[in-house]
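Engineer: Sharing a structure below in structure tokens format, with a few things to ask.
Every number in this text was worked out from the coordinates using simple rules, so none of it is lab data. Computed from a predicted model, the values in this text were never measured in an experiment. All Cβ positions, even for glycine, are placed from backbone atoms using ideal geometry, and neighbour counts span all protein chains on display.
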Amino acid sequence: MNEAVTLPLTATMPILAFSVQAGFVMVMAGIVLAFVRLAKGPSLPDRVVALDTMTVLIVAFCGLFVFESGSTAFLDVAVVLALIGFLATVALARFIERKTDRAPSGKLTQTPEPVAPRPEPVPDIEDLP
């Protein structure tokens, strides 16, 4: 039962340890800035982009944590989080695209698409003089 204990890469390479710590600082600064954009808006698409940015930054944080700790379990967490973030972004984009309005009756109605004018009918050859 004498298992070998593997040290994280940052324990053997000091430049990597410094780079990972700098990466943590930059990722956290990005998350804070994206959260400010999420809170301020001004529109729903801005908030969706900020949420997607935060998801990508959290995936990067998980990747950095793998380097720092040596535990590869966070790679699975990063992959699952990336998939969930992608699906959430697609769902929110479809929600924004729908353009639903509330009618006075309180029921949801779809905004009508603009109708193109019909072209004039072309006369048959037999009807020509």
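Engineer: In the stretch 9-99, if the dipole is taken from +1 on Lys/Arg beta carbons and -1 on Asp/Glu beta carbons about the Cα centre, which of T72, G23, P45 is farthest to the positive end?
Structural biologist: Of the options given, the answer is P45.
Engineer: Would the stretch 9-99 count as rounded, prolate or oblate if I go by the C-alpha gyration tensor, calling it rounded below 1.5 in a/c and otherwise prolate when a/b exceeds b/c, oblate otherwise?
Structural biologist: Verdict is oblate for the stretch 9-99.
Engineer: Starting with the fewest neighbours, write out D76, D46 ranked by other beta-carbon atoms found within 10 Å of each beta-carbon.
Structural biologist: Fewest-to-most ranking of D76, D46: D76, D46.
Engineer: Mind jotting down the distance between the C-alpha centroids of the stretch 29-64 and the stretch 65-79, whole Å?
Structural biologist: First find each Cα centre; the distance between them is then 21 Å.
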